[in-house]
1. For GLU284, GLU178, GLU109, GLU4, what ranking results if the residue with the fewest other Cβ atoms within 10 Å of its Cβ goes first?
2. For LEU502 and ARG283 in the same chain, what is the full-extension length gain: residue separation times 0.36 nm, less their Cα-Cα distance, in nm?
3. Which cross-chain or sequence-distant (5 or more) residues have an amide H under 5 Å from the amide H of LEU10, H modelled 1.01 Å from N in plane?
4. Enter the angle in degrees (range 0 to 90, nearest 10) between the Cα long axis of helix 446-461 and the first principal axis of the Cα atoms of the chain, meaning the one along which they spread out most.
5. Between ARG325 and THR17, take the C-beta separation as r, use R0 = 60 Å, and let me know the FRET efficiency to the nearest 0.05.
6. Among (1) 1.46; (2) 0.97; (3) 1.06, which is the computed Rg/Rh (Cα atoms, Kirkwood Rh)?
7. Just report the Cα centroid separation between the range 391-459 and the range 62-126, whole Å.
8. May I ask you to derive the FRET efficiency for ASN398 and ARG355 from their Cβ-Cβ distance with R0 = 30 Å, giving the value to the nearest 0.05?
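Each reported figure results from applying straightforward, stated rules to the coordinates on display, with no laboratory input. The shown structure was predicted, so the numbers you read here are calculated from the model rather than taken from an experiment. Here the Cβ positions follow ideal geometry from the backbone for every residue, glycine too, while neighbour counts run over all protein chains shown.
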Amino acid sequence: MLSELRVQGLGVIDDVTIELADGLTVITGETGAGKTLIVTGLSLLCGARGDSSLLRDGADAATIEALVDGEDGQQVVSRRLTGSGNRIRVNDGMGTVGDLREWAAGRIEIHGQHEHLRLADPAVQRGLLDRFAGPGHLAQLAAHHARFDERASAVAEREVIAGDERVRLRLADQLRHELDEIDAAAIDVDTDEALADRLVVLEAGEEVQQALAEAAAAMGEEGAAEPLGVAVAALRSLPSTGALDQLADRAIRLTEDAAELARDLRDAADDADVDPAELDRTRERLRILDGLRRKFGEDLAAVLAHADEARERLAEIDGHDDRIRQLDDRVATLDVELAASAAVLLAGRTEARSRLVPEVMERLGPLGMPHAVFEVALADGGAARDGGHEVTFTVAVNPGEPPVTLAKGASGGEQSRVALAIETALADADETSTLVFDEVDAGIGGETAKAVGAALAVLAHARADRQVLCVTHLAQVAAHADVHHVVTKQVTDRRTVTRTRLLSEDERPAELARMIGGADSNAGLAHAVELLEDARARLASARMRAE
């Protein structure tokens, strides 16, 4: 909520500050003193269009600042309007006029002849009707939202999966060709990695075989057993000492190694027997493996990893048709469920309308509009996240007139009173924290003015987190205020300057007496006191009825 509003350099206003509080705050004063300019300043702070014609004569800029109380503490929202543009701060940062509108939406509602009427927005009307319908209806609406969002997600996924079918089919063919090529090679990493060494042997042919045979012959059948055997026998004949025993052990190990080498050389010589067919097979195998490495990986392990990835991607593509069928089935099911939930929402809105219309009608009579007819029209707007129903508040102010939308159906004062009737009927449903009424008392007086004041007070006290600000020239309305500011104009240095003053409770009767034309008479003061007592009684009675 707003705790303070400061307006500088706007019209006749030089610099005024209005303290706001919970409940009903009224602003009164002489005609032309600048009461409505305070509302104009607040409108600018809410993102209304502004130009240099609004600036005080001789001022370079108009500045409007509000101190706002919130869950995270206080913040300052400001707008500085000059002939060349705006300077705006919202949420401790620089902003735009759009940011101001976003900040004000759902927070501040201004009802006046020249103000955009939030209640005229069909989306706002639908939201208010839904909240008026109650928690059960809101739960149904939340479920409908969830179904609608799920359907949108399913449709989006289907579009992504389906994509360009020709591209998908070409990719599938490519992946199958790659897998066929890799699978046909039947790669055995350990065996195939050794083929390069085998090829060296095969290509060396007779030279390798001859060299291995000569080396085997040189080693003898037992691997140079005779000279090594003599050495072993000689070493064993020596006395046993640590050093001599080590030499004998080395000779024995060398004998054993020589014998093993002799056998390996003979086996290698036998294996080196060149088979031309094996040479051709080895060369062809290596050619195939080299081709796979060039296409799919730096080594055979990488080639096999590529095959695994290709298999997974191919499985995804082949599974797309199944997923598309699943999504189509889910969308069809959700369409049926959405149609059913939309019907439930329509029933809930219809029931809420049947309660809201008479409540608003009941309030219009006392507010000076006994012949006005309020209606809530419901129309099918097609499948939508909100249920597909167009909600329109209409009013016919005078007998015989056709119903029209709120923004077109009444003068400034009538429009404000229609809005007041709607706001009081929707007091518990509307979450707007600050409501502003200007010209709500235009063209009325007497008991109607008292009813307007009482309605404003009831609206202000319907929620603990709400405040109502009203600019009025009627004492019957002002008597219902919790906080009363008076606006005066003075001439200082040959310039008209607007001033504001917060009245104490003791000062209020004098201001009310001035408003009814009896400021200098005991009768006027007595009447003012009577108005204050009547206002307190009306509010107490209204609270008892509400309870």
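1. GLU284, GLU4, GLU178, GLU109
2. 68.4 nm
3. Counting only residues 5 or more places away or on other chains, the set is ARG56.
4. 30 degrees
5. According to the calculation, E is roughly 0.35.
6. Label of the calculated value: (1).
7. 22 Å
8. 0.75
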